[in-house]
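**Student:** Can you read through this structure? Questions will come right after.
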Amino acid sequence: MSELSPEDERRPEDLLTRRSNAACLSETELEDFLHNRLSGATRECVEEHLLVCPACLERVEEEEQFAASFRTAARRIEDESLKAAFDGPRPGAWARLGAWLKRPFGLGVGLAFVGAAALLTLAVAPSLHTQPAMEITLRAERGLAAAAGPSAEAGRPLRLNLDAAGLPGQTLELELATMNNSVLLESQGLATGNIIGWELGRGLDAGTYWVRIYHPPENTLLREFALNVK
Amino acid sequence: MEDLIPGDPGPPGRRPHDLSANPSAAEDNLQWGHLVERIRSGDQSSVEELYGIFGRGIRYYLCRHLGAQELDDKVHDTFVVVLQAIRNGSLREPDRLMGFVRTVVRRQVASFIEEAVQVRKDQAGMEIGGSIPDAALSPERRVINDERSRIMYEILKGISKRDREILTRFYLYEQSVEQICAEMRLSETQFRLLKSRAKARFGELGRKRVSRGPRIGNFLRKATGAGH
């Protein structure tokens, strides 16, 4: 909301230079109006014009939306910059380790910790192995079959095999989005034997996601898959 | 839209065209005068025409000064006041209809603010809280605003620090164009170009995101198939 400015006394010269209330707003007038910089007869004429001109009103509303979004984003960036400046550059891992070892009893405790870690690793190493990427094939399913398919495992790197049967044989755009339509990943893919492979290279948190295939020139949505992660 | 009541041959001489379809013609005093005359004569279509011309502008003005709460009621109340004032002869110069409507709207804003202040004063002493207007945005509006802010954040992160500073000075610190151009050493044309590019990019990303929304029921939904 903005405050209601008091009416200014109309000076004689305003009547001579008064803008017409029929004329559409210039860019400068629009900005001055939104920043409450107008006064007197000019403000009256601009406000009268906005009462009756849908085109100018739309420009004003568009500029207001843009400005509001800009302020929120700019404040966030400024906060991040301030925090980074306040925290200072973060020392590297080796520098932090060195500083800790220099503390009283730090070296002794550090050596004991390293020894214990080495013993633990030797004891459990055979049972440890890197989890390979989990492959999930997304197909066209309907009805009960659609609900019965297995889900991906949360946290495991994923490789998606997308059903591309019937789609154009060219490079297509791929998108992974959350249920709230926040885009997480974008890529491109080309079908090989009716399947487009997409190595996500990361695991996902539990939830439901959308995997979409787009036709590049017009960004036309060609196919959408639901991906359940548990 | 019919200008006249069916069956009414209308006044002799010049027939007015539809003012709502051509707002740039509103400066024509004869058109305003005829509209006022029709309203005073009880022509219902003229009331609809008046709403068509001023409705959106009044709504915007009230929203800007009072917020979105109960906006429909406030717009309606304002229109009632304008119509009553026209009918009872308070509008002495029909060709100044735009200025008259603006004055009425400003007085309505002042009246609503005064009423809100009085209500809060009356409720201040109550032990059991009275109604407190909820100034929060609707959930849908919050989601839209959040998405817009995310888009803008991406745009700002993607432009140079200098360009970001120029736009921040203008939108966040509300510095004038002249000051920004003088201190940042750029011409007004360069500033306008930067601003329009940022707005175009914002609009383009916004449209892209909207067009990529989930289309429930429109497309074949896929399910996770057999894992390997």
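The values are calculated or read from the model by the stated rules, or taken from the named source; none is laboratory data. Since we're looking at a predicted model, the values are computed, not measured. Backbone-built Cβ (ideal geometry, glycine too); neighbour counts: all protein chains shown. Accessible surface is based on the protein model in full, side chains and every heavy atom, while ligands, DNA and RNA are left aside. Shrake-Rupley method; radii C 1.70, N 1.55, O 1.52, S 1.80 Å.
**Student:** Can you name the number of the only condition in (1) among the acidic types (Asp, Glu); (2) modelled with pLDDT of 90 or more; (3) open to solvent by 50 Å² or more (accessible area, probe 1.4 Å) that A:Glu29 fails?
**Tutor:** (3)
**Student:** Just checking, does the stretch B:106-121 include any residue being of a type outside the set (A, V, I, L, M), at pLDDT 90 or above and under 23 Å from A:Leu30 (Cβ atoms)?
**Tutor:** yes
**Student:** Suppose we keep only residues that are modelled with pLDDT under 80 and aliphatic (A, V, I, L, M) within the stretch B:179-228. Which one would you say is surrounded by the fewest Cβ atoms within 10 Å (Cβ to Cβ)?
**Tutor:** B:Ile216
**Student:** Quick one: count up the residues across the stretch B:158-208 that are away from chain A (no Cβ under 12 Å), not in a helix (DSSP H, G or I) and not small (Gly, Ala, Ser).
**Tutor:** Total meeting the criteria: 2.
**Student:** Same structure again: Just to be sure, is B:Leu97 outside any helix (DSSP H, G or I) and either under 14 Å from B:Leu35 (Cα atoms) or within 14 Å of chain A (Cβ to nearest Cβ) (or both)?
**Tutor:** The answer is no for B:Leu97.
**Student:** Across the stretch A:48-60, what is the number of residues that are under 25 Å from B:Leu172 (Cβ atoms) and either open to solvent by 60 Å² or more (accessible area, probe 1.4 Å) or within 7 Å of chain B (Cβ to nearest Cβ) (or both)?
**Tutor:** Of the residues in that region, 4 qualify.
**Student:** Could you say which residue among A:Thr192, A:Thr220 is within 12 Å of chain B (Cβ to nearest Cβ) and either of a type in the set (Val, Ile, Thr) or over 20 Å from B:Arg209 (Cα atoms) (or both)?
**Tutor:** A:Thr220
**Student:** Something else now. Take the residues in the stretch A:26-46 that are under 32 Å from the mean Cα position of the chain (by Cα) and of a type in the set (A, V, I, L, M); name whichever of them is nearest to the other protein chains (Cβ to nearest Cβ).
**Tutor:** A:Leu34
**Student:** Which of the numbered conditions does A:Glu186 fail, given that it passes all the others? Conditions: (1) open to solvent by less than 50 Å² (accessible area, probe 1.4 Å); (2) within 21 Å of the chain's Cα centre (by Cα); (3) within 13 Å of chain B (Cβ to nearest Cβ).
**Tutor:** (1)
**Student:** Further question: Take the residues in the stretch B:45-104 that are open to solvent by 20 Å² or more (accessible area, probe 1.4 Å) and of a type in the set (Asp, Glu); name whichever of them is nearest to A:Thr42 (Cα to Cα).
**Tutor:** Going through the qualifying residues, I end up with B:Asp95.
**Student:** Is at least one residue of the stretch A:207-219 under 17 Å from A:Ala152 (Cβ atoms) and surrounded by fewer than 17 Cβ atoms within 10 Å (Cβ to Cβ)?
**Tutor:** Yes: the stretch A:207-219 contains one or more residues that are under 17 Å from A:Ala152 (Cβ atoms) and surrounded by fewer than 17 Cβ atoms within 10 Å (Cβ to Cβ).
**Student:** What are the residue pairs meeting all of these: first residue in the stretch B:68-86, first residue at pLDDT 90 or above, second residue outside any helix (DSSP H, G or I) and open to solvent by less than 30 Å² (accessible area, probe 1.4 Å), Cβ atoms under 7 Å, and 6 or more apart or on different chains?
**Tutor:** From the stretch B:68-86, the pairs are B:Ala85/B:Leu91.
**Student:** Does B:Ser176 satisfy being open to solvent by 40 Å² or more (accessible area, probe 1.4 Å) and either modelled with pLDDT of 90 or more or closer than 20 Å to A:His35 by Cβ (or both)?
**Tutor:** no
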